[in-house]
1. In region 196-210, is there at least one residue being over 18 Å from the mean Cα position of the chain (by Cα), within 15 Å of ALA246 (Cβ to Cβ) and in a helix (DSSP H, G or I)?
2. For region 261-295, how many residues meet the condition of being over 19 Å from LEU317 (Cβ atoms), surrounded by fewer than 14 Cβ atoms within 10 Å (Cβ to Cβ) and of a type in the set (S, T, N, Q)?
3. Of all residues in region 191-235, which are closer than 15 Å to THR154 by Cβ and small (Gly, Ala, Ser)?
4. Just to be sure I understand the filter: pairs with C-beta atoms under 9 Å, separated by 6 or more residues or on different chains, first member in region 67-86 and on the phi > 0 side of the Ramachandran plot and in the same structural domain as PRO24 (by TED's automatic domain parsing), second member part of a strand (DSSP E or B) and surrounded by 10 or more Cβ atoms within 10 Å (Cβ to Cβ). Which pairs pass?
5. Can you name every residue in region 100-126 that is modelled with pLDDT of 95 or more and under 15 Å from the mean Cα position of the chain (by Cα)?
6. When you check PHE140 against the structure, is it of a type in the set (Phe, Trp, Tyr) and within 29 Å of ASN314 (Cβ to Cβ), yes or no?
7. So LEU67 clears everything in (1) part of a helix (DSSP H, G or I); (2) touching a strand residue (DSSP E or B) at 6+ places or on another chain (Cβ under 7 Å); (3) at pLDDT below 95 except one condition, right? Which one?
Amino acid sequence: MSEKKLSDLDFVDLYVCLEGEASPHYHKQVSSSNDGNDCEVPSEYLDAVTALGSYLKTKFVDDEMGLTYEGVRMRAAKVRTAGGLLWASLRKINSIPPMIEKLGFLPALVPHFRALGKRQGLILLCGSTGQGKTTTACSFLADFLNNLGGVAFTIEDPVEYDLEGRHNEHGFCYQIEVKEDHEWAAMLKRSMRWHPRYIFVGELRTPEAANQLLRAATSGHLVITSMHAGSVEEALEGLLQLAEQAVGERATTLLATGLTAIIHQTIMPQGLHAQLFITEPLNPAAPFRNCIREKRIGQTRTFMDQQMGLLLQNGKLFRDGSSV
């Protein structure tokens, strides 16, 4: 069988041993026909993967990096195991994010997600590693820019989708890549000088970045960010804990006021499963917001369930029959 190029391998995650003797392995995107099980790399791809490993040995300075190799864009991380092997994990990155309709959410959610582009505040995307948070964020941002216009400023490590430049007639995006934790807050603060309509922060990491993000969300911007969390409740608690280290008890008020939507997503064989809540615009005293102010985070589940029930019954999000 003829040798194949890396670009021909249908992988989402690829694992390559850089030091030691171990076979490379990979898995595909979870879909209705594939459950994402781990597989050995087929023999016809071994030369291509071996060449990639040799390339990584010369380029891997930090623990994480972004790279383009033979036309394939990837995000790479390395780790040494207890057995002494040095492994690299590589996640393939697509240049253009999918349309919102192609993400795998329930079709009834799509118009409500699209309408978020007209609002201000914070869209918080959460989930475990590898569940498509960045893909969803970039899909939302590209949709807002293409359909509504405005200036976007992204802060990422590394840049995962190519959004830079003109989007239709009235949208434009600037993408910035940062490397150190202390750079996130400084770059967020600097982004305000560009007067962006949208701000995307690739991953929320530090207390000061959380502070700057909440300030942006409550001062006329639409901010999108992601967090690792097992549920909506864990994400809200985690964001509050980060922000409180920078601004104290004011964090609850900033988050309650600024939150526009929170979405927890999990990739499943039948599609993208979501737990979510979209806040009512112009209603600062809404019960969901009060739960955040009073740190009754566990009680937010009731309102999420009620809102999803309304949506599934009649396509509306709020009890008064209004939508976003």
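The values are calculated or read from the model by the stated rules, or taken from the named source; none is laboratory data. These numbers come from a predicted model, not from an experiment. No Cβ is skipped: glycine too gets one built from the backbone with ideal geometry, and neighbour counts run over all protein chains shown.
1. For region 196-210, residues over 18 Å from the mean Cα position of the chain (by Cα), within 15 Å of ALA246 (Cβ to Cβ) and in a helix (DSSP H, G or I): present.
2. Qualifying residue count for the region: 1.
3. Selection gives SER191, GLY202, ALA209, ALA216, SER226.
4. Note: pairs meeting the criteria are GLY84/GLU19.
5. Within region 100-126, ILE100, PHE113, LEU122, ILE123, LEU124, LEU125, CYS126 meet the criteria.
6. Spelling it out, PHE140 is indeed of a type in the set (Phe, Trp, Tyr) and within 29 Å of ASN314 (Cβ to Cβ).
7. (1)
Yes/no per residue for (1) buried (at least 18 other Cβ atoms within 10 Å of the Cβ); (2) over 16 Å from GLY202 (Cα atoms):
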residue	(1), (2)
LEU56	yes, yes
ASP62	no, yes
GLY66	no, no
GLY71	no, yes
ARG80	no, yes
LEU85	no, yes
LEU90	yes, yes
MET99	no, yes
GLY104	yes, yes
